[in-house]
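The values are calculated or read from the model by the stated rules, or taken from the named source; none is laboratory data. Values in this document were obtained by computation on a predicted structure and should not be read as measured data. Virtual Cβ from ideal backbone geometry, glycine too; neighbours counted across all protein chains shown.
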């Protein structure tokens, strides 16, 4: 039996889960030449909200690919269904939809900053800050670490260790001037 290569497998995952209507899907690992890849950082974030509840699942794409090679696509589907029961209706936040063009550009800039920090510390990006936290940064535009600590998902430690590059990115993008980043 012939199997998909890694890149095709990632594309198939993106298609299946991005179009399922339940999850907002984000890959925190950009396509690079194979010599530059760090497969341990290749994760897929599945986010959804229902009422007051927020569900974030981080899935190792590399681990799913190994399962696929060993047991086939059906095993991957079964593994994804085995994780905590999928939410039946979509009430999730597609953060990019909520942002205007300036907000989208800043959000993507913050994602790049997060990816660089994650690579430097050899951590998955979601351990630095979640997508929801990045959205909060775009929405609130903190100008210092004290304001950053007040955002969703930011604690004393990750603010102190990782916060400065995010504040710098926000400040350089906005020129220190607050502007509306939301589409609504």
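Residue-by-condition table, conditions (1) at pLDDT below 90; (2) in contact with a strand residue (DSSP E or B) (Cβ under 9 Å, 6 or more places away or on another chain):
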| site | (1), (2) |
| --- | --- |
| 123 | yes, no |
| 131 | yes, yes |
| 144 | no, no |
| 147 | no, no |
| 153 | yes, no |
| 160 | no, no |
| 165 | no, no |
| 168 | no, no |
| 183 | yes, yes |
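Name the residue, out of 148, 105, 134, 141, that is surrounded by fewer than 20 Cβ atoms within 10 Å (Cβ to Cβ), assigned by TED's automatic domain parsing to the domain that holds residue 168 and in contact (Cβ under 8 Å) with a residue 12 or more places away in the chain. Don't jump to the end; show me each part of the working.
Numbers: 148 fails: surrounded by fewer than 20 Cβ atoms within 10 Å (Cβ to Cβ); 134 fails: surrounded by fewer than 20 Cβ atoms within 10 Å (Cβ to Cβ); 141 fails: surrounded by fewer than 20 Cβ atoms within 10 Å (Cβ to Cβ).
Testing whether each residue is surrounded by fewer than 20 Cβ atoms within 10 Å (Cβ to Cβ), assigned by TED's automatic domain parsing to the domain that holds residue 168 and in contact (Cβ under 8 Å) with a residue 12 or more places away in the chain leaves just 105.
Just to check your reading of the model, which residue among 159, 171 is under 22 Å from residue 96 (Cα atoms) and either assigned by TED's automatic domain parsing to the domain that holds residue 61 or not in a loop (DSSP other than H, G, I, E, B) (or both)?
Checking each option against the conditions leaves just 171.
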